[in-house]
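Enquirer: First, the structure itself, so that you have it in front of you.
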Amino acid sequence: MPTILGQNQYGKAENRVVKITRDGATHHIKDLNVSVALSGDMEDVHYNGSNANVLPTDTTKNTVFAFAKEHGIESAEQFGVHLARHFVTSQEPIHRARIRIEEYAWERIEAPGEAEHSFVRKGQETRLTQVTYDGESWEVVSGLKDLTVLNSTDSEFWGYVKDRYTTLKETHERILATSVSSRWRFNWTDDAQEMPDWETSYARVKQHMLRAFAETYSLSLQQTLYQMGSRVIEECAEIDEIRLSLPNSHHFLVDLEPFGLKNDNEVYFASDRPYGLIEATVLRDGCEPRIPVDLTNL
């Protein structure tokens, strides 16, 4: 045979599941987008078309919805752990399960005298997690995307390399804005370890990133990125690695002189493209990087 089968996987992608938990008149909502990918003894289906080892993708979809009812959704990570364990332990041909989840946040609409069952889509970040299980060890990588932040001062950019093509002027006062994409890897790898409190951990990671962004007097976006990542590693013992991708959302001062007006760092033009893209991984000392450089592949 001139060819052989390489790495392969299959499953049902983007299963949108919304779970409503009713606590009397107060309701709680979890809104997830769940993708399942399974791999194992799948040579025969590729070579011969035999489905003897294939769990239908429709079954994986049904499992997602059934588990939302049977197990509830305490957190995206916990739900992913339940699913991954089920697929690997219940089907002998399946050796590895990868569960990717996006969580869309909602916040309650407070209306005096009304039942607490009205929500508005929270306009901040999208929460992410990927749970991988091979029957022996776990890998949980969580994260977020589209967390837009801005410092209106305390940012400079000067002292950089200049050549014949450089037109950018140095500045000691600028807006620093970005839309954070980040992934972080937990050091929980087997059932003998105590499982992290996923909800608390996510809130703490986000809080430390935001505080580091706000508290860093920035001479470069790279410096800010490193401070954000370092703060998470230093303050969150359950995390060994964090990768951040920060597009530099440029804000340029508008020339108001043609109108006889002085622009004293007040009016800016927000340019959405092209943009600088700053990316880096921050690791706990002694740990090896395992999060992919391209976060879109996670």
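Enquirer: Expressed in nm to one decimal, what extension gain is obtained for the pair GLN9 and ALA66 from 0.36 nm per residue of sequence separation less their Cα-Cα distance? If you can, show how the numbers build up before the last one.
Expert: Values: separation 57, 0.36 × 57 = 20.52 nm, distance 2.24 nm.
Gain in length upon complete extension: 18.3 nm.
Enquirer: Here is a further query. Leaving out ligands, DNA and RNA, what percent of the accessible area of the stretch 40-128 is carbon and sulfur, probe 1.4 Å?
Expert: Working: 2150 of 4840 Å².
The computed percentage sits at 44.
Enquirer: Additional query: Using the Karplus equation 6.51 cos²θ - 1.76 cosθ + 1.60 (θ = phi - 60°), what ³J(HN,Hα) coupling, rounded to whole Hz, does each residue of the stretch 277-288 give in order, writing x for Gly and Pro?
Expert: 10, 10, 9, 6, 10, 10, 10, 5, 4, x, 9, 9
Enquirer: Right, next: Classify the stretch 113-207 from the C-alpha gyration tensor, please: rounded if a/c falls under 1.5, else prolate or oblate depending on whether a/b exceeds b/c. Intermediate values should be presented prior to the final figure.
Expert: Working: a/c = 3.33, a/b = 1.58, b/c = 2.11.
Oblate, since a/c reaches 1.5 and b/c is not below a/b.
Enquirer: Can I ask one more? Between LEU261, LEU32, LEU147, find the one with the highest GNM mean-square fluctuation for the chain; connect C-alpha pairs within less than 10 Å.
Expert: LEU261
Enquirer: Given a 1.4 Å probe and every protein chain left where it sits, what share in percent of the accessible area of the stretch 218-279 is carbon and sulfur?
Expert: 51
Enquirer: Ordered by packing density, taken as the mean number of other Cβ atoms within 10 Å over each peptide's residues, highest first, how do 186-193, 121-128, 234-241 rank? Kindly include the intermediate steps, with their values, before the conclusion.
Expert: Numbers: 186-193: 13.5, 121-128: 15.6, 234-241: 17.9.
Highest-to-lowest ranking by the protection proxy: 234-241, 121-128, 186-193.
Enquirer: Using only protein heavy atoms and a 1.4 Å probe, report how much of SER137 is accessible, in Å² to the nearest 10.
Expert: So the heavy atoms of SER137 present about 50 Å² to solvent.
Enquirer: For the chain, what does the helix formula give at 222 nm: sum of -39500 (n - 2.57) over DSSP H segments with n ≥ 4, over the residue count, nearest 500 deg cm²/dmol? Display every interim value, and only then the final one.
Expert: On the way: 5 runs with 67 residues, N = 298.
Only helices count here, giving -7000 deg cm²/dmol.
Enquirer: Taking all pairs of distinct Cα atoms, average 1/r, flip it, and tell me the Kirkwood hydrodynamic radius of the stretch 1-132 in Å to one decimal place.
Expert: Numbers: mean 1/r = 0.0604 Å⁻¹.
Result for the stretch 1-132, one decimal place: 16.6 Å.
Enquirer: Tell me the per residue accessible area of the chain using a 1.4 Å probe; a whole number in Å² is fine.
Expert: Values: 16710 Å² over 298 residues.
Dividing the accessible area of the chain by its residue count gives 56 Å².
Enquirer: Using the Karplus curve 6.51 cos²θ - 1.76 cosθ + 1.60 with θ = phi - 60°, work out ³J(HN,Hα) for each residue of the stretch 3-12 in order, rounded to whole Hz, and write x for Gly and Pro.
Expert: Listing the rounded values in order: 10, 10, 7, x, 4, 8, 7, 7, x, 10 Hz.
Enquirer: Quick one: compute the contact order of the chain, relative version, from alpha carbon pairs under 8 angstrom and 6+ residues apart, as a percent.
Expert: The value is 12 percent.
Enquirer: Averaging sequence separations of C-alpha pairs under 8 Å and six or more residues apart, then dividing by the length of the stretch 1-130, give the relative contact order as a whole percent. Write down the numbers at each step before the final one.
Expert: Numbers: 212 pairs, mean separation 34.1, N = 130.
In percent, rounded to a whole number, it is 26.
Enquirer: I would also like to ask the following. How far is the Cα center of the stretch 105-167 from the Cα center of the stretch 234-298, in Å?
Expert: Centre-to-centre distance over Cα atoms comes out at 12 Å.
The values are calculated or read from the model by the stated rules, or taken from the named source; none is laboratory data. Remember, it's a predicted structure, so these values are computed and weren't measured experimentally. As a convention, Cβ positions derive from the backbone with ideal geometry for all residues, glycine included, and neighbour counts pool all protein chains shown. In case anyone asks, the SASA skips ligands and DNA or RNA and just uses the protein heavy atoms, side chains included. Shrake-Rupley method; radii C 1.70, N 1.55, O 1.52, S 1.80 Å.
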